[in-house]
Structure formats: C-alpha cells, structure tokens
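> Pasting a structure here, questions to come.
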Amino acid sequence: MTKRQEGARLSTSVVVRAAIQLLDDEGLEGLSTRAVADRLGVRMNTVLWHVKTKARMLELMADAITGEVSLDGLSENPGQRVREIGRRLRGAALAHRDGAALIVGTYPAEPNTLGLAETLIGACVDTGLPDRDAAWTAWTLIYFVLGLTQEEQAAPGPEENRLSAAVEAGDFPMLRRVMPFLDVGTFDERFEFGLDSILGHLPR
C-alpha cells in the first residue's frame, strides 16, 4: 500500500483523536508522531501526511481540547460569563493528562481556540471594559487558568508532598506559616480566589 493509499484511510481528525488518547495514556513524555502511528497501525509518514510535524500535531491537539469547552448555556450576565468560561477551560484541561501543559506549549490560531477567545473577549467587552482592558483581562485569565492547572496536574499526591517536606526541613518560617494554604488539596479554592483577584472589578 502506498503512502497516499494508507493516508486516505485516515483523516486529520482521526490522527488528532488518537494522539489525544495517547496523551491520556502516556502523558506528554510519551507523545510522538511515531507513537501515534504505532497506535493507529500505520507508518509514521502517514501520520505526517496529515499533521506535517509534531509541533503542528500539538497545535491541533490543543485546539481539539479547547474545543471541548462548551460555549453553550452561558449566563446572560457578562461577568458571570467570563468566570464560567475560565472554569470550563480548566475543566477541559484537567480532563486530559498534561492537558494544560500541552495547551501552554502551543499557539494555535485554530477555530476552537479563536472561538473561545472571541466569546471570552466579547463577554469582557460587554461588562463595559474598554477594548484594551477587555483583551488583556481575557488573556490574563487564560494565563492564570492554564498556569495553575498545569501546576495542579504536575503536583505530587498528598502522600508525596515534596514541597511540605522541603519547607519543614529548612529555614522557611513564612512558607511554613502559609503551607496549609499551598497544600495540593487546595487547588479548587486557589482557583476561585484567583478568579476573584483577576475579575473582582467586573460585575457579578
């Protein structure tokens, strides 16, 4: 079977879906175009026929995960709309192993990503913010959501809290004092605190 014939059996969306399944199973470290090809039972060149490069594959994967953020049923209140988009983006990233790290490492100008940005900035504008502040508030929110979620996904479990052990063993009185608030079990509360800190000037 020629590369063209083998490639015709697939589509870009099938390749991206297989890559996301591999991400869920193996994480970013186990992700490669060759590994995706093995999962699909085709040659690596066949995968590259559809995604061109690994970097392009990662962009398409990031856009597909962003596409899992539903933009339906959002509040008519624009301030609530902004917050809900942030929560839904976090949920989509958390649904996939290393999901936030994948998205952070790409810059896809693709339909799902652009659609989310359009809706988010539109909600910021609807709160009464001037265009510059609306754009920068939206981007600040996205950076916060993905940054905290990346930390959450990389954090060790409670039984292996290296940060707590290191602080207890060293001369870090301020860190020791606030350690209960940095525990791995506080991510939900920290997320909501961050939302309020960034978006507190918006109407609820």
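> Once you keep just the Cα pairs under 8 angstrom separated by 6 or more residues, what percentage relative contact order results for the chain? Please report the intermediate quantities before stating the final value.
Working: 200 pairs, mean separation 40.8, N = 204.
With pairs under 8 Å counted, the relative contact order is 20 percent.
> Grab the Cα-Cα distance for ARG9 and ASP131, subtract it from 0.36 nm times how many residues apart they are, and report the gain in nm with one decimal.
Length difference between fully extended and current span is 39.3 nm.
> Within the set of other residues whose C-beta is less than 15 Å from the C-beta of LEU58, count the net charge using Lys and Arg as +1 and Asp and Glu as -1.
Net charge around LEU58: -1.
> On average, how much accessible surface per residue is there in region 88-158, in Å², for a 1.4 Å probe, leaving out ligands, DNA and RNA?
Numbers: 3450 Å² over 71 residues.
Counting only protein heavy atoms, the per-residue value for region 88-158 is 49 Å².
> Can you tell me which of 115-127, 181-193, 29-41 comes out highest on packing, and rank the rest after it, using the mean Cβ neighbours within 10 Å?
On the way: 115-127: 18.8, 181-193: 13.2, 29-41: 16.5.
The packing order, highest mean first, is 115-127, 29-41, 181-193.
> Continuing with this model, one more query. Taking the Cβ of ASP188 as the center, what net charge do the other residues with Cβ under 11 Å away carry, scoring Lys and Arg +1 and Asp and Glu -1?
That sum, taken over residues with Cβ under 11 Å, equals 0.
> Put +1 on the Cβ of every Lys and Arg and -1 on every Asp and Glu Cβ in the chain; which of ALA154, LEU199, VAL42 then has its Cα farthest towards the positive end of the dipole?
So the residue we want is VAL42.
> For region 1-155, place one equal point scatterer on every Cα, skip the solvent, and apply the Debye formula. What is log10 of I(q)/I(0) at q = 0.15 Å⁻¹?
For the requested q values the scattering log ratios are -0.78.
> Summing +1 for each Lys or Arg and -1 for each Asp or Glu, what net charge is found among the other residues whose Cβ lies under 10 Å from the Cβ of ASN112?
After counting each charged neighbour, the total is -3.
The values are calculated or read from the model by the stated rules, or taken from the named source; none is laboratory data. Small disclaimer: the values here were computed from a predicted structure and weren't measured. Note that each Cβ is placed from the backbone with ideal geometry, even for glycine, and that neighbours are counted across all protein chains shown. SASA here: full protein model, heavy atoms, side chains in, ligands and nucleic acids out. Shrake-Rupley method; radii C 1.70, N 1.55, O 1.52, S 1.80 Å.
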